[in-house]
1. Please enumerate the residues belonging to segment 278-306 that are of a type in the set (Gly, Ala, Ser), buried (at least 24 other Cβ atoms within 10 Å of the Cβ) and assigned to a helix (DSSP H, G or I).
2. Among the listed residues VAL233, VAL252, which satisfies the condition of being under 22 Å from VAL83 (Cα atoms), of a type in the set (A, V, I, L, M, F, W, C) and either in contact with a Leu (Cβ under 8 Å, 6 or more places away or on another chain) or touching a residue at least 12 places away in the same chain (Cβ under 8 Å) (or both)?
3. List every residue pair whose Cβ atoms lie under 7 Å apart, where the two residues are 6 or more positions apart in sequence or sit on different chains, the first residue falls within segment 197-210 and is on the phi < 0 side of the Ramachandran plot, and the second residue, located anywhere, is of a type in the set (Val, Ile, Thr) and at pLDDT 95 or above.
4. Quick one: which of ALA17, ALA71 is closer than 17 Å to TYR161 by Cα, among the small types (Gly, Ala, Ser), modelled with pLDDT of 95 or more and surrounded by 23 or more Cβ atoms within 10 Å (Cβ to Cβ)?
5. Going through segment 159-191 one residue at a time, which ones are under 15 Å from ILE110 (Cα atoms) and without any contact (Cβ under 8 Å) to a residue 24 or more places away in the chain?
6. Out of all the residues in segment 402-421, is one or more out of contact with any helix residue (DSSP H, G or I) (no Cβ under 6 Å at 6 or more places or on another chain) and aromatic (Phe, Trp, Tyr)?
7. In segment 402-419, how many residues are crowded, with 19+ Cβ neighbours inside 10 Å and out of contact with any Gly (no Cβ under 6 Å at 6 or more places or on another chain)?
8. Are there any helices (runs of 4 or more DSSP H) wholly within segment 103-190 with 1 or more residues that are at negative phi and of a type in the set (Asp, Glu), and if so which?
Amino acid sequence: MQYILTLDAGTTGVKCAAFSRSGEALGSRVEGYPTRYPHPGWAEQEPEEQTKAALRAIAAVLGRLSPADCAALVFTGTMNGCVPVGRDGVALCGNIIHSDLRAAPQAGRIASLIPPPDFYAVTGNRIDVHSGLPKYVWLRENAPDIYRRAWKFVNIKDYLYGRFTGRIGFTDPTDASLCSCLDLRTGEWAFDILDACGVDRDKMPGLIPSCDASAGLSAEFAALTGLAQGLPVAAGAGDGACAAHGARDQAVGDMYMNIGSSAWVSALSPEPCRDPGMRLFSYFDCDGVGYNVCGTVQCGAAAFDWAVRNLLGMERPEFAALEAMARDIAPGAQGVFFLPTLMGERTPWWTAAVSGTLIGFTLYHDRRHIVRAVYEGVMQALNLCGDILSENGLPARRLTLIGGGAKSALWGQMAADMFGVPVRAHLTPHEATSLGAALTAGVGIGWYRDFAEAARCIRVSREYAPDPGARAAYEKHLAVFRALYPDMKKAYEAVYRYQQEK
């Protein structure tokens, strides 16, 4: 059986997975690597450690499969990073990953140079410390030798692509979009923005399609992996874009929701989103034609896990028992609300000045109400993202759940009740990103005519239909939930200022 091999360089490790032409997962392996925090707010990973982890993961998967049956190799990985490479493809410093905050002053100065609405209109993104552009400016100002020697700025999946193929200094439109210096209207680098920020135009990588499989595995990495020299290697796409193709059909209105440590809702659109409040962001789809429009909740499962440990005192929670406790209470938790804003919030507030909140409890309420409110709070925050997508002409017609939270039947039913549409749970929710990468390579090597045909490989484990009674109850509850942050904004900001005092 032929298969496509995928490499996903994630936050804690690289996953190698193999998929058949029908989308069946044939095996996977995760090999970890550390994140280093050399200064407060900094977060780096070592690209060569990630390369070695990728080789170990490949060896483990190929221990159960024939290397001769591999039809292609493809990469995906975390977005919003920065790996400066020389002409030889060697990293000049660590990968400044998505969660790194060192470039906050640079992001502020970019906002003073370019009016944020103008920036958003061109790039489809807010001026944000997590994106690539402020990191490039930070390197120019704080590591001028590295900046001078940098030939190209790439993301981690592009770095691995260059190492494995020798084709150095390229990226695809999905990762390029979240560098926040790509013009989403033209698909080319936004040179006016780069010039205004003092970033050299020629340091930006070349752009190739996500499904481009014209590169071949180098002799060096063929020897290191046991795969055939010249094996087709697809450029791949960022992890968010691959997750989209592993989760949803190629149709406008088909959404997916990832419930992981952070969480998001994403829909396919024929054009970038022009949300007047800049609450959503857009980036190219793997097909290079459509756009993924996304609303992101900073803390999803991470907020749930914190609440279970610290509010309920459960170090080793039994999730079946937790769901049973929550089901004892009617939708709306009898007036208890939980805001999962434990690390600030992105969509819709885009602020660091908000903190986690449990409100509405009285002497009447007990642990069951808290459990119910915590489950509901995460889903209500995601539902806000869905409401804003609908406001911008992208109402949901169906929702697919991926990530660890997709295993929760309670969250699945809540999603159906709050969004008011059919919801399905992915059969292999932890493999959706890798599957999407495999389907992208499959289009590139001709396994599938297009991404619509590739989407037929997606399988689901169960489906949920909206319950009219629960939906009516949530309409009332959500009206209060939506008002909590705006009504308490000044109080949140006062708390934030207090917490920031030295």
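The values are calculated or read from the model by the stated rules, or taken from the named source; none is laboratory data. Predicted model only: the values in this text are computed from it and were never measured. Because the Cβ atoms are built from the backbone with ideal geometry, glycine has one as well, and the counts that use them run over all protein chains shown.
1. ALA303
2. Working: VAL252 fails: under 22 Å from VAL83 (Cα atoms).
Every option except VAL233 fails the conditions.
3. CYS197/ILE110; CYS197/VAL137; VAL199/VAL137; PRO205/VAL154; PRO205/THR171; LEU207/THR171; SER210/THR174; SER210/THR440
4. Details: ALA71 fails: surrounded by 23 or more Cβ atoms within 10 Å (Cβ to Cβ).
That would be ALA17, the only listed residue that is closer than 17 Å to TYR161 by Cα, among the small types (Gly, Ala, Ser), modelled with pLDDT of 95 or more and surrounded by 23 or more Cβ atoms within 10 Å (Cβ to Cβ).
5. PHE191
6. So far as segment 402-421 goes, no, none of its residues is out of contact with any helix residue (DSSP H, G or I) (no Cβ under 6 Å at 6 or more places or on another chain) and aromatic (Phe, Trp, Tyr).
7. Here is the first cut: in segment 402-419, the ones crowded, with 19+ Cβ neighbours inside 10 Å are 402-403, 405-406, 408, 410-419.
Within this subset, residues satisfying the condition of being out of contact with any Gly (no Cβ under 6 Å at 6 or more places or on another chain) are 402, 405-406, 408, 410, 412-418.
Going through segment 402-419 one residue at a time, the tally reaches 12.
8. Values: elements: 104-113, 116-123, 132-142, 144-149, 156-165, 173-177.
Fully inside segment 103-190 and qualifying: 116-123, 132-142, 144-149, 156-165, 173-177.
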